[in-house]
There are 2 protein chains.
Amino acid sequence: MTASARYHHGHLREALADAAVEAVREHGPDGLAVRDLARRVGVSHNAAYRHFADRDALVDVVAERAMAGLMGAMERRLAAVEAAEADDPVDPVHRARRRLSEVGAGYVDFAVAEPGLFRLLFTAYPEVPDKDLGKGTEVGDPFTVLNLALDDLVAVGYLDPVVREGAEITCWSAVHGFAVLNVEGPLRGLAAADREAALQALLAHIDGALGTRPGGGPRRGRRG
Amino acid sequence: MTASARYHHGHLREALADAAVEAVREHGPDGLAVRDLARRVGVSHNAAYRHFADRDALVDVVAERAMAGLMGAMERRLAAVEAAEADDPVDPVHRARRRLSEVGAGYVDFAVAEPGLFRLLFTAYPEVPDKDLGKGTEVGDPFTVLNLALDDLVAVGYLDPVVREGAEITCWSAVHGFAVLNVEGPLRGLAAADREAALQALLAHIDGALGTRPGGGPRRGRRG
DNA sequence: GGCTCATGTGGACGCTGTCAACATTTAGCC
DNA sequence: GGCTAAATGTTGACAGCGTCCACATGAGCC
């Protein structure tokens, strides 16, 4: 290091990426300004353009980190239940239901903890192709995690295969909508306790929507 | 009109508002540039500042119109079923379930038809206070419409009062999340038919989540 | 007719992203 | 070790943005 303190920076690319993440965390997606990053890192404006094609390239890098953070939050939740279940095992159905809830809760965890990164992520999220997810992303795909949880619910017999159709979109929509409404929508400013209660209610509703009823076969009566 | 073709515009405020709406429709929230509006209307930059305190004030006006559009889309849906039911009446439960679905579908209708306005609306949406909604907004509040539909479901005996708790947030989250994912999220670019199918599945899931089961009393086993 | 106030204009400042030209430092090669 | 080429950082410029200020113009009122 210290090889020529000025001029050649050495780790400019990483430094810029770090600064970009910090800027977005502090001031949201619009807080990412190339010139400002250069200023923070102590380098001239335009230096960034030796490492990133344009602002969008910087956004992509931040989005990648945000995606990793989102995945981390979800996996942390899953790992926690896994650890808890090691002590006293529960029946597979309960376990599968629980895991789906935790996936959703982890998603919201991240959104609330890192609103800036979360918002940026969904202005730069890759389009999800018809079925083949999780192919490119090194870090894993939340959508894939969700699908696995749902498949599990089918496997243990809790979720009717007919109801399974489209359930991934329903679950994602519900949890994502909840996150968005709480982060940048009309539900922002909700007290933490109220938010938690509302989230638990939402997860219970989803659980109820997917659960097989003792009463009758798969109902899917959509309209008249 | 034509009173002094140049200089005094006469309807500058309305003209700017109209141009702002058009700009957002065409290029999204970021497409709203004060200077650009002035140019479009044929007036000098800065003229807008005689009628709007700042850019945000212009955003608020567009948000108001967007809200009206959203409400319109929902009410149009409701009016349509109302008309259809005039010919052959259905039982109250079916009717109430149908109305909830239409509310959600109208919401998505607007989001898909006017992505720019929809996106802007939810960066400037008023915070929803604990319970007393629909007080200020002249045009009505989507949240209130949703709550009425849910109360109706309780009244006709389809929705258990216990499950009713938090249902407004669950429904709003699900539909809003679906809209967001389709408008600016990873589900953008979904074919119209696929989107419609996914939406119907989502509405069916919600209907299933809220519906009373013949099997047992209100289950709300959330965890543990 | 003259005064006042609302409304529109022109110029400026600082911010942004991006391009082009220039400087310097590092690395490769003899 | 020294020369050259590529990588990296700097400076300057341009256009666009929001916003403030001073000024010009027009409309309405007395």
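The values are calculated or read from the model by the stated rules, or taken from the named source; none is laboratory data. Predicted, not measured: the structure shown is a model, and the values here were computed from it. Neighbour counts run over all protein chains shown; Cβ positions are idealised from the backbone, glycine included. In case anyone asks, the SASA skips ligands and DNA or RNA and just uses the protein heavy atoms, side chains included. Shrake-Rupley method; radii C 1.70, N 1.55, O 1.52, S 1.80 Å.
Can you spot a residue in region B:59-75 that is more than 26 Å from the chain's Cα centre (by Cα) and away from DNA strand C (no atom under 16 Å from the Cβ)? Walk me through it before giving the result.
Taking region B:59-75 and keeping what is more than 26 Å from the chain's Cα centre (by Cα), we get none.
No, region B:59-75 contains no residue that is more than 26 Å from the chain's Cα centre (by Cα) and away from DNA strand C (no atom under 16 Å from the Cβ).
In this structure, does A:Pro92 turn out to be assigned by TED's automatic domain parsing to the domain that holds A:Ala105 and either on the phi > 0 side of the Ramachandran plot or surrounded by 13 or more Cβ atoms within 10 Å (Cβ to Cβ) (or both)? Give the derivation first.
Numbers: assigned by TED's automatic domain parsing to the domain that holds A:Ala105: yes; either on the phi > 0 side of the Ramachandran plot or surrounded by 13 or more Cβ atoms within 10 Å (Cβ to Cβ) (or both): yes.
Considered against the rule, which asks whether it is assigned by TED's automatic domain parsing to the domain that holds A:Ala105 and either on the phi > 0 side of the Ramachandran plot or surrounded by 13 or more Cβ atoms within 10 Å (Cβ to Cβ) (or both), A:Pro92 comes out as yes.
From the list B:Arg220, B:Arg195, which one is surrounded by fewer than 23 Cβ atoms within 10 Å (Cβ to Cβ) and at pLDDT below 95?
Details: B:Arg195 fails: at pLDDT below 95.
The conditions single out B:Arg220.
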Given (1) surrounded by fewer than 19 Cβ atoms within 10 Å (Cβ to Cβ); (2) within 16 Å of DNA strand D (Cβ to nearest atom); (3) closer than 26 Å to A:Phe122 by Cβ, identify the lone condition not met by A:Leu32. (1)
When the residues of region B:76-89 are filtered to those that are among the acidic types (Asp, Glu) and either open to solvent by 60 Å² or more (accessible area, probe 1.4 Å) or outside the structural domain of B:Asp141 (by TED's automatic domain parsing) (or both), which remaining residue is nearest to DNA strand C (Cβ to nearest atom)? B:Glu82
Among all residue pairs at least 6 apart or on different chains, which show Cβ distances below 9 Å where the first residue, located in region A:64-92, is over 30 Å from A:Ala20 (Cα atoms) and the second is of a type in the set (Val, Ile, Thr)? A:Asp91/A:Val156; A:Pro92/A:Val156
When B:Tyr125 is run through (1) open to solvent by less than 40 Å² (accessible area, probe 1.4 Å); (2) at pLDDT 95 or above, the failure sits at (2)
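Considering only region A:10-31, state which residues are assigned to a helix (DSSP H, G or I) and closer than 18 Å to A:Ala113 by Cβ. Give the steps one after another, and end with the answer.
So in region A:10-31, the residues assigned to a helix (DSSP H, G or I) come out as A:12-27, A:29-31.
If the condition is that a residue be assigned to a helix (DSSP H, G or I) and closer than 18 Å to A:Ala113 by Cβ, then A:Val21, A:Glu22, A:Ala23, A:Val24, A:Arg25, A:Glu26, A:His27, A:Pro29, A:Gly31 are the ones that fit.
Of the residues A:Ala84, A:Ala63, A:Ala48, A:Ala68, which single one is away from DNA strand D (no atom under 14 Å from the Cβ) and touching a Leu at 6+ places or on another chain (Cβ under 6 Å)? Give the steps one after another, and end with the answer.
Numbers: A:Ala84 fails: touching a Leu at 6+ places or on another chain (Cβ under 6 Å); A:Ala48 fails: away from DNA strand D (no atom under 14 Å from the Cβ); A:Ala68 fails: touching a Leu at 6+ places or on another chain (Cβ under 6 Å).
Checking each option against the conditions leaves just A:Ala63.
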Looking only at region B:174-196, which residues are part of a loop (DSSP other than H, G, I, E, B) and facing chain A (nearest Cβ under 7 Å)? B:Glu184, B:Gly185, B:Pro186, B:Leu187, B:Arg188, B:Gly189
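Could you tell me whether A:Glu14 is open to solvent by 80 Å² or more (accessible area, probe 1.4 Å) and either closer than 24 Å to B:Gly185 by Cβ or modelled with pLDDT under 95 (or both)? Quick ask: steps written out before the conclusion?
Numbers: open to solvent by 80 Å² or more (accessible area, probe 1.4 Å): yes; either closer than 24 Å to B:Gly185 by Cβ or modelled with pLDDT under 95 (or both): no.
In short, no.
With respect to B:Leu58, is the statement that it is open to solvent by less than 70 Å² (accessible area, probe 1.4 Å), more than 30 Å from B:Asp160 (Cα to Cα), more than 9 Å from DNA strand D (Cβ to nearest atom) and among the hydrophobic types (A, V, I, L, M, F, W, C) true?
Details: open to solvent by less than 70 Å² (accessible area, probe 1.4 Å): yes; more than 30 Å from B:Asp160 (Cα to Cα): yes; more than 9 Å from DNA strand D (Cβ to nearest atom): no; among the hydrophobic types (A, V, I, L, M, F, W, C): yes.
Criteria not met by B:Leu58.
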Within region A:156-170, work out how many residues are open to solvent by 20 Å² or more (accessible area, probe 1.4 Å) and aliphatic (A, V, I, L, M). 3
Here are the criteria: (1) within 21 Å of B:Val145 (Cα to Cα); (2) touching a residue at least 40 places away in the same chain (Cβ under 8 Å). Tell me which single one B:Arg98 does not satisfy. (2)
